[in-house]
Amino acid sequence: MALSTLIVPVLLTFTACFALGKRVDVYSALTKGAEEGLTVLLHILPSLIALLSAVYMFRASGAMEALGTLLAPALDRIGIPAETAPLLFIRPISGSGALAVGSEIMDSYGVDSYIGRVAAVMLGSSETTFYTVAVYYGAAGITKTRYTIPAALCADAVMFLASAFFVRLLMGA
């Protein structure tokens, strides 16, 4: 039997034994935690609905493709494949949308192509900035993000450039 199949049962058994040793009422702790989780969900749900609606409208309207076409020459000039432009726009907003776009890119160009590899590295090394800010700041009740979003978007831009550069450097174009 593989060790990986034992991790979850061992972890659950350890947690139960630890709780018994500390004389913790596990059921009441579980229900209290679930109640707090639902309260957090109620606070962040409006932000998530607005964010996901905006993402789907952006994709469905064709604005994403038009913006990608417009920026293609500039992206090619700085070394980012123009075919990954939709990923650049969607990734900071939505993880599931970015995975869908990444899948489309890899279906079109192949997973072992330069474009497919750049898309994969971009997906693996970036963050869904707006989603993360909406969830964590919404849960904490923070309304002013101040420098968080500009700093995170700058980090995303650096990551997109670095992804294209290192894929070209290490795997060839």
**OP:** Quick one: in segment 130-173, of everything that is open to solvent by less than 70 Å² (accessible area, probe 1.4 Å) and in a loop (DSSP other than H, G, I, E, B), which residue is nearest to G102 (Cα to Cα)?
**Re:** G172
Original post:
Take the residues of segment 87-114 that are of a type in the set (V, I, T) and either touching a His at 6+ places or on another chain (Cβ under 9 Å) or surrounded by fewer than 20 Cβ atoms within 10 Å (Cβ to Cβ) (or both): which is farthest from Y56 (Cα to Cα)?
Top reply: V111
Original post:
Looking only at segment 25-42, which residues are of a type in the set (G, A, S) and either touching a residue at least 24 places away in the same chain (Cβ under 8 Å) or more than 30 Å from S94 (Cα to Cα) (or both)?
Top reply: S28, A29
Original post:
For segment 14-113, which fully contained helices (runs of 4 or more DSSP H) count at least 2 residues that are closer than 25 Å to G141 by Cα, in contact with a helix residue (DSSP H, G or I) (Cβ under 7 Å, 6 or more places away or on another chain) and of a type in the set (A, V, I, L, M, F, W, C)?
Top reply: 26-60
**OP:** Out of L52, L45, report the one residue that is free of Cβ contacts under 8 Å to residues at least 24 places away in the same chain, surrounded by 11 or more Cβ atoms within 10 Å (Cβ to Cβ) and touching a Gly at 6+ places or on another chain (Cβ under 9 Å).
**Re:** L45
**OP:** Might you check whether a residue that is loosely packed, with under 10 Cβ neighbours inside 10 Å and basic (K, R) occurs anywhere in segment 77-86?
**Re:** yes
**OP:** Filter segment 93-118 down to residues that are modelled with pLDDT of 90 or more and within 16 Å of A157 (Cβ to Cβ), then give me how many there are.
**Re:** 1
**OP:** Quick one: V121 ticks every box in (1) of a type in the set (V, I, T); (2) free of Cβ contacts under 8 Å to residues at least 40 places away in the same chain; (3) within 22 Å of V167 (Cβ to Cβ) except a single one, so which number is it?
**Re:** (2)
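The values are calculated or read from the model by the stated rules, or taken from the named source; none is laboratory data. In this text, all values refer to a predicted model and were calculated from it rather than measured experimentally. Note that each Cβ is placed from the backbone with ideal geometry, even for glycine, and that neighbours are counted across all protein chains shown. The protein model used for the area step is the full one, side chains on, heavy atoms only, and it has no ligands, DNA or RNA in it. Shrake-Rupley method; radii C 1.70, N 1.55, O 1.52, S 1.80 Å.
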